[in-house]
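Encoded as structure tokens, the structure appears first; notes follow it.
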Amino acid sequence: MKNAGMIGAVSDPLLSGWSASDIHVVANSDFLAGNPAAKMLFEVMRLELPTVAQQNNRMNQGEDLQSDIERHVDEWIADNQAIWDGWIEDAMNAA
């Protein structure tokens with residue numbers, strides 16, 4: 001992410017890396033080489049900013065237990081089954 005004209009920044013433009021709302025998967029190269037399905041899943045999965053913001057809000061409102069997060073995931077998959085199935089199909093085809 002590049003931000004220009006920021007008062008007090010160490011450089012102009014300030015190169016601050018990824019956008020705060022972006023999700024980037026970081027994985028071991030050897031793992032990816034041995035797991036093409038996982039590699040493909042990491043490449044095709046995309047969550048829209050409103051989805052990420054909604055999840056963050058739910059956790060900030062106290063729904064932050066492992067069981068809450070697992071329920072959130074299950075709800076998201078149920079509401080977005082076609083997208084989920086497409087990601088899984090792409091991953092399985094890469095295996």
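The values are calculated or read from the model by the stated rules, or taken from the named source; none is laboratory data. All values derive from a computational prediction rather than experimental measurement. Methodologically, a virtual Cβ is constructed for each residue, glycine included, from the backbone with ideal geometry; neighbour enumeration extends over all protein chains shown.
Annotations
- The helices (runs of 4 or more DSSP H) found entirely in the chain that carry 3 or more residues being among the charged types (D, E, K, R) are 66-79, 81-94.
- Considering the range 51-87, and only residues there that are of a type in the set (Val, Ile, Thr) and without any contact (Cβ under 8 Å) to a residue 24 or more places away in the chain, the residue that is farthest from Lys39 (Cα to Cα) turns out to be Ile69.
- Residue within the range 39-62 that is surrounded by 13 or more Cβ atoms within 10 Å (Cβ to Cβ), modelled with pLDDT under 95 and among the hydrophobic types (A, V, I, L, M, F, W, C) present: yes
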